[in-house]
Structure formats: C-alpha cells, structure tokens
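What follows is one structure encoded as structure tokens, with my remarks underneath.
Rule-based calculations on the coordinates, nothing more; no lab input. Treat the numbers as computed from the prediction; the structure is a model and nothing was measured. We place every Cβ from the backbone using ideal geometry, glycine too, and count neighbours over all the protein chains shown.
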Amino acid sequence: MKVEVTTKNEPGTTATTAAANQEASPRLRQRNRITEIQSLKNDRIVGEAKNGLLVIKKLPIDPAYQEYSKKLVEAENADRGQIYQIEADAQNKPLSFIIAEYARRLRESAFPGEWVEQEDGTWINR
C-alpha cells in the first residue's frame with residue numbers, strides 16, 4: 001500500500017520554509033528534548049528552580065554525561081526564556097509575572113521525588 005502525504009503551507013511559503021520555522025520554535029525544541037529532561041529529573045541531576053529555570057543539583061560523575069547535562073539544561077533554559085518573553089508580550093503582562101506563573105506550574109506538576117525549589121528558596125524532593 002502506498003500512502004502519499006501532502007502539506008498545505010501558507011501562501012508564499014515552501015515546505016522548507018515551514019520546516020525551518022518549526023525548527024526555530026522554542027516549544028518544538030522543548031518537545032523534542034522532553035524525554036531527555038525527564039531522565040535528568042528522574043536521576044535527580046536537575047531540579048525546577050523558583051525562577052522557572054532548570055538547575056543542576058548534582059553533577060554526574062562521568063565527564064561526558066556532565067557535559068551532556070550542562071548543554072541540555074542550557075538549551076532548555078534558553079528556550080524557556082524565549083517562551084516566557086513571548087507569553088509576556090502576548091499577554092501584555094510583566095515578564096516577572098509570567099515567570100512566577102510558569103515556575104508555580106512546573107513545581108505543581110513535578111513528579112514525586114523530583115527536586116523543586118520553594119518560594120522561600122528551600123529545595124525539596126516533591
């Protein structure tokens with residue numbers, strides 16, 4: 001059986017342009033690395049900070065895994081920063097309000113045992 005798939009693009013765009021726009025999306029990049037981030041959380045390497053960003057809580061022993069973890073957290077935090085700014089602009093709200101709201105949601109959605117930073121700055125395993 002042969003299946004053909006066609007995509008409909010906005011007028012004036014090509015499939016290549018549409019794909020490039022999707023790759024540039026911080027939400028898409030987040031979606032593509034979600035399992036890797038969850039693995040770091042499950043291994044108690046990273047935690048959700050009160051500023052809405054990931055923080056490395058315990059560096060892995062293996063140098064290659066350390067470097068991988070650092071780069072992954074850096075990429076995730078860069079995308080979160082972009083998303084927070086986009087949301088602040090779209091909602092016409094202060095960036096600090098958006099960050100606080102996202103941080104609250106991330107704390108509340110953390111799985112048992114994951115590191116989260118409370119409003120007062122203390123770290124707990126949820």
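Odds and ends about this structure:
- Local charge for Ser109 was computed over the other residues whose Cβ lies under 10 Å away, with Lys and Arg +1 and Asp and Glu -1, and equals +1.
- Hz values of 3J(HN,Hα) by residue in segment 43-51 - Karplus curve (6.51, -1.76, 1.60), Gly and Pro given as x: 7, 6, 7, 10, x, 8, 7, 5, 8
- Cα-centred dipole magnitude for segment 69-126, charges only on beta-carbon of K, R (+1) and D, E (-1), debye, nearest 20: 100 debye
- Remark: the Gln66-Ile37 segment gains 9.1 nm on full extension, using 0.36 nm per residue and subtracting the alpha carbon distance.
- Just so you know, the Rg over Rh for segment 20-63 is 1.07, from Cα atoms, with Rh as the Kirkwood radius.
- Cβ-based exposure ranking for Tyr84, Tyr65, Tyr102, in which fewest neighbours within 10 Å come first: Tyr65, Tyr102, Tyr84
- Modelled label positions at Glu74 and Ser25, each set 7 Å beyond Cα in the direction of Cβ, lie 2.6 nm from each other.
- q = 0.11, 0.14, 0.16 Å⁻¹: log10 I(q)/I(0) that the Debye formula gives for segment 26-125, counting C-alpha atoms only: -0.32, -0.52, -0.68
- Charge-dipole axis of segment 26-125 as Lys and Arg at +1 and Asp and Glu at -1 on Cβ define it, positive-most pick from Ile61, Ser39, Leu28: Leu28
- Normalised by the number of residues in segment 26-125, the mean separation of alpha-carbon contacts (under 8 Å, six or more apart) gives a relative contact order of 34 percent.
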